[in-house]
Amino acid sequence: MARPLPARAGYTRGLGGGELLQRTSLVLLCGLLMALPASADDATLPGYLSTEALAQRLADIGASYAEKLATTRAGGTVWAGHFSSPAPGLRPALAVVGGLGPGQQGSAEVLLRLAQRLAAPDGAELLQHADVYVLALPSPDALRGAATAPYTGASVNANPSDDDRDGKLDEDGPEDLDGDGWITQLRVHDPAGKYRAHPLDPRVLIPVSPDKHESGEYSVYTEGVDNDHDGQYNEDGPGGVDFNRNWTWNYPQYAPGAGVNAVSEPETRAVADFLFAHPEIAVVYTLGPQDNLAHPWEAGNDGGAIKTGVLADDAPALKVVSELYKQQFDTAAAPPGASGDGSFAYWAYFHYGRWSLAALPWWVPEPKKEEAKPGEATPPPLAALPTAATPGQPAAAPAKPAGDEKDERGKEELRWLQWLDANHIDGFAPWTAVEDPDFPGVQVEAGGFRTLRVFNPPAGELDSLADKQLKFLTAVAGLLPQLTLDRIKVEPRGAGVYHVELRLANTGFLPTHSAMGALAGYNYPVQVTLTLPAGAIILSGRQRQLLPPLAGSGGSLELAWLVQAPFGKELHVSAASPSVGAAEADIQLMGGAS
Amino acid sequence: MIRTFLSLGCLLAALPTLVSAVAPVPAAPYPQMGIPANPKVAARFDMYHDYAAATELLQQLATAFPDYASLQSLGQSYGGREMWVLTLTDPATGPAESKPGFWIDGGIHANEIQGSEVPLYTAWFLLESRSTNTFVERLLRERAFYVMPMMSPDARDAHFHEPNDTHSPRSGLRPVDEDHDGLVDEDGPDDLNGDGFITQMRAADPNGRWKPDPDYPQRMIPCKPDEPGQYAVWFDEGYDNDGDGLVNEDGPGGYDPNRNWAWGWQPEYVQYGAHYYPFSIPEDRMVADFIRAHPNIAGAQSYHNNGGMILHGPGMQEGHYEPADSALLETIGARGAEMLPGYRSMLIWRDLYTVYGGEVDWLYGCQGILSLTDELFTDYDYFNQPDDPNDRDGRRNQARQFDRDLLLGQGFVSWQAVDHPQYGKVEVGGAKKSWGRQPPSFMLEQECHRNMAFSLYHADSLPLVSVQSATARALPGGLTEVTAVVANTHLAPTRLAVDVAHGLTRPDYVSLTGKGIVASAVTASYWSSERFFLNPVEQKTDPRTIELPAVPGMGAVYCRWLVRGKVPFVVSVDSVKGGRATAAVKPLDSAS
């Protein structure tokens, strides 16, 4: 159950009181905020840690979280955690990555807690099966940027970029016109606009439907002015490159936030290099905007030579993993994941060739029974808003509700508002009249969702989310392939010649490699090595061989050699792959002595 | 990180010059056409330069022409060799970065060794001919040339000095575990007979399906379907070094440096040699960083071998080039096909094969550069006869006949018996590494010169802005109307269509300056693609500087300012890839 967030001066609506601050006082205010000593708390999300404090907590974990991967262009450091068990042997690993996208704050906090649990006895069961690498903060500058007022909700690093590709860097960022510290939206009264107020809650704007006889009421922009007078609003703000749009799968070349090319940023490159340097990684789990756990990938058209859909052989296993996820998380209200273009999670499956699991760190839950349904609750007083009172504008709540059952427009936003209202979370800036030099004489209001508070869980839920993630990952680790060598048969053929046969089986649930992994070719196949005693030779068969993937749940193959060796000696057979593990067998050459 | 090597390079290069006092190059007794008659730096292009010789030539050029040439290293290769770039321009007309730049590289596939000779020849020829050839002199005044002869210097030296064949090494020498067995580069080819060449292996075998070619007995050809066999043939000299039952499965390197570029990149399973991600090969990244830092580079030529091809992208069918840009590349390529007998202008994915992550596409798609790749040396060169591309056997026979009649059999290693650790008695023989893809000495010079000449045509087709006229006319109310014609008398526009479509570089700026020209003094400004301003485009921000999408090739843009004030004014054009130009504004009444 979400707890109400305590109101705190400095980031709540109380800051500007909904009034339009003069630009000068806003600048003063920002200056004051920056002059305050750095807080250990995040300014945007009550109960969350600041970027520095989060990094410190990760460092406090100690030697398990101390591998430095990169220094970002803005001087931030990317660290990796490595959690292992003292048990010897070749062990596969899981890599868990968070700190991406609009929920970057929540996922980073959850992974901090996961790392703390892995460093404590809580993690022992998981670490029995596999090592775990944790990258809670792969793009630290993005997290720091999101906590710098005014709050945009963006998740881009500090590398200046030409988002609108006009030859100028960062020349038209947003402005906090209503002085609430947040960059939300502007709605400009416009009979030719493409948006109108939702009939059930006029705070929500919905697109005008071309199928319905509807008139537009608003044009909608992000909050700010057109600094460079190019007719676009806030199209090139401070920073940056989004870590999660900088990967090679379906890379969105030329798109804002994607960088000059795939894997262009020091932090992206370092994470790629780190992962390629760790062939033992079998599974990558990403807490970010993409999802294949609440909504598992459906096998379908795999895209031909360049794979764009999950391969048919891999889809069933991902469905099973999804079921494990749903045992921990109620996914009824989980929104579909974001597009995978340029994303880390899709890269991890399609290009890195590992099992890639992806989920949102959190989402606004379904309303509890006792909570009011949309439209039944009285929205916060809107009398001050000119919407309904403006002559010639449709009333906020028209007699004929446009919202028929099938009309999905604004449904998600209505649910968000309901949840924010029920939990007294200050996640929506009420529409407030502002003056905007770009629209002289036109009614302009600033307002809308403070998205950080919609995409990130209340701080009180972080511990339980980390507990669930640990349980889920422990269950995933239990699915990993498991090699066994058995059914050893030694048949003496005379003259010191032995036919040696044994079975290699995978008794784990997952195949030794996914179909995509085998295709991608960056995985290490299972390698079988026969070690001979002194004086022995192989008459047929290979001393070392690389095997095709073994299916899960009992996939097996027979291995056989003809060797000539002194009586009573021992052969040693090993089957191993870094991302699978190893099986060993000693074979005594007995019988048929001459 | 780009390390400027100019001062250090000059110093180092000056030392041997002072000490050994390079012998003066004898003056040519006859005013021959072609190579510079009396060069300051002796250079031969009837021989190939290894890394050390190429480095020495570059350093000598930088020392002999300190005003016109500067040498820098972009960093060190995996093997510790310098990644040399020689910048050429006439400093009298401004620094290199103020001029439209032309990038020339070679040897990214290091076995394609003449790919490095053409850039070396070009640098030498331009510097040595500048004082005697007005075309070269003009080019150096108008352009900057960035010459990078060795994109993969480690592998170049490996091809020269280690056993290889004509196809190797195509990769750079960063180790890659190609067979994923946990060992890197553990089983490459082996020079069994110690002759410095990786050739073929054969063993007499009545069940083999090969026989010697009756006309050219060095060469093994398949038996006819109903013909008894004579030999088993293995194509790469070597043995199973690592005991895994496979021969030569994990040799030096294991990637393709020309599949690691960031436009249309696809991973290894789609595109062999892609490596891990765009610019995961540091040598490629050094070059990309340099080119990004020099946005004035407007044209590029990369030299490869072989096949007589003038290639333009896209490398893949789903890649998109703007039609206007493709037309330009085809126009330039068609001229090349005239200048280079036996060469054809080709679209890579359609006419050759699919390439993801090629340099030629990155230069175009990410940098807005008019980019071509020449595949040097063609079968046409043997007997000046077009080959039948469908008759591979006929093509091979031309090469064999050329070896027999003109190389006098020099191109092949005779079959020689050796002991093979796994196969027993075998014979080793076949084409030498220096025959097949590379011209012999007496054809190399021609290949260098013709391809250079084509590149100079390409470089001359790059945009170059000028202020054709700038006039002022008095209007009522104390206003002055200033009109400037900004022209580009070369083939290519100042920004390719891909550049305009995706904003790869900033717009061209046309500025009006003068005493009293503050923003408020300019009432309005606008530009038009035709002289009558029928559809003017207004400059909305600071009207002193008009932002143009591009100045078209062989065309002009018309710019106009309405100013409160009077001459003197100056009109300046500043184009990232089209150069810079300035003109004083003349009052119309006094213009004549």
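The values are calculated or read from the model by the stated rules, or taken from the named source; none is laboratory data. Not measured: the values here are computed from a predicted model. Cβ atoms come from the backbone with ideal geometry, glycine included; neighbour counts cover every protein chain shown. Note: accessible area is taken over every heavy atom of the protein model, side chains too, but ligands, DNA and RNA are not part of it. Shrake-Rupley method; radii C 1.70, N 1.55, O 1.52, S 1.80 Å.
Observations
- Phi angles of segment A:407-416 translate, via the Karplus equation with coefficients 6.51, -1.76, 1.60 and θ = phi - 60°, into HN-Hα couplings of 6, 8, 4, x, 4, 4, 5, 4, 5, 4 Hz per residue; Gly and Pro are given as x.
- Taking chain B and dividing mean pair separation by its residue count, relative contact order in percent (alpha carbons under 8 Å, at least six apart): 13
- Rounded to the nearest 10 degrees, the angle from helix B:282-292 to the longest Cα principal axis of chain B is 20 degrees.
- When both bridge partners sit in chain B, DSSP labels roughly 75% of those beta bridges antiparallel.
- Size check on the protein assembly as shown: the Cα extents along the three principal axes, sorted descending, read 101, 100, 59 Å.
- Ratio of Rg to Rh over segment B:470-592 (Cα coordinates, Kirkwood Rh, two decimals): 0.97
- Other residues within the sphere of radius under 12 Å centred on the Cβ of A:THR529, judged by their own Cβ, net out at -2 (K and R +1, D and E -1).
- Simple rule: put +1 on each Lys or Arg Cβ and -1 on each Asp or Glu Cβ in segment B:72-158, find the dipole, and look at B:TYR78, B:ILE108, B:PHE125; the Cα lying farthest toward the positive end is B:PHE125.
- Anchor B:LYS425: aspartates and glutamates whose Cα lies under 14 Å away (excluding residues fewer than 8 positions away in-chain): B:ASP205, B:GLU237
- Residues whose amide H comes within less than 5 Å of that of A:GLY555, counting only those at least five positions distant or on another chain, are A:ASN506 (H built at 1.01 Å from N in the peptide plane).
- For the segment A:252-264, counting C-beta atoms of other chains within 10 Å of every residue's C-beta and taking the mean gives 4.
- Summed side-chain charge close to A:LEU519 - residues other than A:LEU519 whose Cβ falls under 11 Å, Lys, Arg +1, Asp, Glu -1: -3
- For segment A:142-176, a decrease in accessible area of 10 Å² or greater in the assembled protein chains relative to the isolated chain, with a 1.4 Å probe, applies to A:ARG165, A:ASP166, A:GLY167, A:LYS168.
- Karplus-derived 3J(HN,Hα) values for segment A:158-169, using 6.51 cos²θ - 1.76 cosθ + 1.60 with θ = phi - 60°, are 9, 6, x, 9, 9, 4, 9, 6, 10, x, 10, 9 Hz; glycine and proline are entered as x.
- Of the GluC sites (Glu not before Pro) in segment A:191-299, the ones in a loop by DSSP (not H, G, I, E or B) with at most 13 other beta carbons within 10 Å are A:GLU298.
- Where chymotrypsin sites (Phe, Trp or Tyr not before Pro) fall in DSSP loop in segment B:475-558, at most 12 other Cβ within 10 Å: B:PHE532
- Rolling a 1.4 Å probe over the protein heavy atoms gives the protein assembly as shown an accessible area of 41 Å² per residue.
- DSSP bridge pairs, the protein assembly as shown: antiparallel proportion in percent, nearest 5: 75
- Antiparallel beta bridges, as assigned by DSSP with both residues in segment A:55-141, represent about 60 percent of the total such bridges.
- Under 5 Å, built H, 5+ apart or other chain: amide partners of B:LEU370: B:GLY299, B:ALA300
- Between B:ALA293 and A:HIS572, the simple label model (points 7 Å from Cα in the Cβ direction) yields a spacing of 5.2 nm.
- Volume per residue for segment B:412-555 equals 221 cubic angstrom (convex hull of Cα atoms).
- Anisotropy class of segment B:189-228 from Cα gyration tensor, a/c 1.5 cut: prolate
- For segment B:301-373 versus segment A:79-147, the gap between their alpha-carbon centres in whole angstrom: 46
- For chain A, the relative contact order comes to 16 percent (Cα pairs under 8 Å, sequence separation of at least 6).
- Cα gyration tensor, segment A:311-364 - rounded (a/c under 1.5), prolate or oblate: oblate
- Residues whose amide H comes within less than 5 Å of that of B:LEU406, counting only those at least five positions distant or on another chain, are absent (H built at 1.01 Å from N in the peptide plane).
- Placing a label point 7 Å from the Cα of B:GLU330 along the Cα-to-Cβ direction, the residues of segment B:495-515 with a backbone N closer than 17 Å are B:497-498.
- 3J(HN,Hα) along segment B:180-186: 6, 10, x, 10, 10, 6, 8 Hz, from the Karplus curve 6.51 cos²θ - 1.76 cosθ + 1.60 with θ = phi - 60°, whole Hz, x for Gly and Pro.
- Of the chymotrypsin sites (Phe, Trp or Tyr not before Pro) in segment B:240-272, those whose Cβ has at most 12 other Cβ within 10 Å and which sit in DSSP loop: B:TYR272
- Theoretical FRET efficiency, 1/(1+(r/R0)^6), r = Cβ-Cβ of B:ARG473 and A:TYR254, R0 35 Å, to 0.05: 0.25
- At R0 = 45 Å, FRET efficiency that the Cβ-Cβ distance of A:HIS499 and A:ASP273 yields, to 0.05: 0.45
- What the Cβ-Cβ distance of B:GLN446 and A:ALA66 gives, at R0 = 51 Å and to the nearest 0.05, is a FRET efficiency of 0.25.
- Calculated mean residue ellipticity, 222 nm, chain A: -6000 deg cm²/dmol, from DSSP H runs (n ≥ 4) at -39500 (n - 2.57) each, averaged per residue and rounded to 500.
- Fraction in percent of alpha-carbon pairs per bin - 10 Å, chain B: 3, 15, 23, 23, 17, 10, 5, 3, 1, 0, 0
- Longest segment of chain B lacking GluC sites (Glu not before Pro) that sit in a DSSP loop with at most 12 other Cβ atoms within 10 Å: B:1-317
- For B:ALA497, net neighbour charge (Lys/Arg +1, Asp/Glu -1) across residues whose Cβ lies under 10 Å away: -2
- Rounded percent of accessible protein surface that carbon and sulfur make up, the protein assembly as shown, 1.4 Å probe: 55
- Both chains summed, the buried accessible area for B and A stands near 3000 Å², from protein heavy atoms and a 1.4 Å probe.
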